[in-house]
Amino acid sequence: MPIAITRAPTPTLVHCELTWIAREPIAFELALAQHQAYCAELERLGCRMVALPPDDRFPDSCFVEDTAVVLDEIAVLTHPGAESRRGEVDLIGPVLAGFRPLARVEPPATLDGGDVVRLGRVLYVGLSRRTNRAGCDALAAIGAPLGYEVVPVPFDGCLHLKSACTPVDAETVLLNAAWVDPARFSSYRVLRVAEGEPWAGDVLPVGGAVLMNAACPRTMARVASHGHRVRPMEISEFAKAEGGLTCLSLIVEAP
Ligand code: CIR
């Protein structure tokens, strides 16, 4: 049974970091309801939930994905690229210590968990506004003795590599070719997001289903047509904060 670690959004979410999109009003009560529905869906799909309390000091702290990279053997605490988010790591460390030995990316290296796409023993690391080359190298140094290969991936147009592409299953990657070059994933089956749904590439496969952004119906149909059980999730308020489905949880697979 996978463990899903989540943190409830704080009302200060309205002051979130934004990089590629303009600020729009976030309806906090709706964000809260959407987060509750997300957690309920993860639980329905068989996850054991670890629900952490909101923390007003960190507007983006519901996006727990960015604070760590959880591998089978260890959890790597990140050093997030945005200064406002660095304190979130100290909050998540003690929680992850209950499940994995910890390693840590140290400054000047920066790494956001949202930039790490794992496919088997390969970690594709997006070189972004948040993750620098040193962050990529730090993860490679931690991962190599455990048998992980790190592949740097340049991309452009969105916040994190996972905003542009995520695995749908072990052999299939869903991606937005305007943001990341599909040739980077030529050894996998590549599905593309539908026209007009640029943010559809961030999906969360868990418990035999694939959680997808309900605002992207045509990409959902495309993924479903490949035999996947798709679960649409309303995440409009998190999308306004430049977040997607993977960002809202850290999934710890059973060893
Ligand atoms: C940020 O800019 O850091 C947040 N507003 C959004 C983080 C989304 N996280 C993710 O894509 N992994």
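The values are calculated or read from the model by the stated rules, or taken from the named source; none is laboratory data. It should be emphasised that the depicted structure is a prediction, and the values quoted were computed from it without experimental measurement. Note that we place each Cβ from the backbone using ideal geometry, even for glycine, and neighbour counts take in every protein chain shown. Calculation scope for accessible area: heavy atoms of the full protein, side chains included, ligands and nucleic acids excluded. Shrake-Rupley method; radii C 1.70, N 1.55, O 1.52, S 1.80 Å.
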Just to check your reading of the model, which residue among ALA170, ALA164 is touching a Cys at 6+ places or on another chain (Cβ under 8 Å), of a type in the set (Gly, Ala, Ser) and closer than 27 Å to MET220 by Cα? ALA164
So ALA209 fits all but one of (1) touching a residue at least 12 places away in the same chain (Cβ under 8 Å); (2) more than 20 Å from SER128 (Cβ to Cβ); (3) open to solvent by 10 Å² or more (accessible area, probe 1.4 Å); (4) of a type in the set (Gly, Ala, Ser); what number is the exception? (3)
If we scan region 235-251, do we find a residue that is open to solvent by 40 Å² or more (accessible area, probe 1.4 Å), away from the ligand (no atom under 16 Å from the Cβ), over 13 Å from the mean Cα position of the chain (by Cα) and in contact (Cβ under 8 Å) with a residue 12 or more places away in the chain? no
Residues that are in contact with a strand residue (DSSP E or B) (Cβ under 6 Å, 6 or more places away or on another chain), touching a residue at least 24 places away in the same chain (Cβ under 8 Å) and more than 15 Å from the ligand (Cβ to nearest atom), drawn from region 175-184: ARG184
Do we find that LEU139 is modelled with pLDDT of 95 or more, closer than 29 Å to PRO107 by Cα and in contact with an Asp or Glu (Cβ under 7 Å, 6 or more places away or on another chain) in this structure? no
The residue that is farthest from the ligand (Cβ to nearest atom), considering only those in region 152-165 that are touching a Leu at 6+ places or on another chain (Cβ under 7 Å) and hydrophobic (A, V, I, L, M, F, W, C), is VAL153
I'd like the residue in region 106-143 that is within 12 Å of the ligand (Cβ to nearest atom) and assigned to a strand (DSSP E or B) and, out of all such residues, is farthest from GLU65 (Cα to Cα). GLY126
Restricting the search to region 97-126, which residues are of a type in the set (A, V, I, L, M) and either at pLDDT below 95 or touching a Leu at 6+ places or on another chain (Cβ under 9 Å) (or both)? LEU102, ALA103, VAL105, ALA109, LEU111, VAL116, VAL117, LEU123, VAL125
Could you please let me know if GLU88 is open to solvent by less than 30 Å² (accessible area, probe 1.4 Å), under 21 Å from THR131 (Cβ atoms) and among the charged types (D, E, K, R)? yes
Reported set for region 78-105 where residues are in a helix (DSSP H, G or I) and of a type in the set (A, V, I, L, M) is VAL89, LEU91, ILE92, VAL95, LEU96
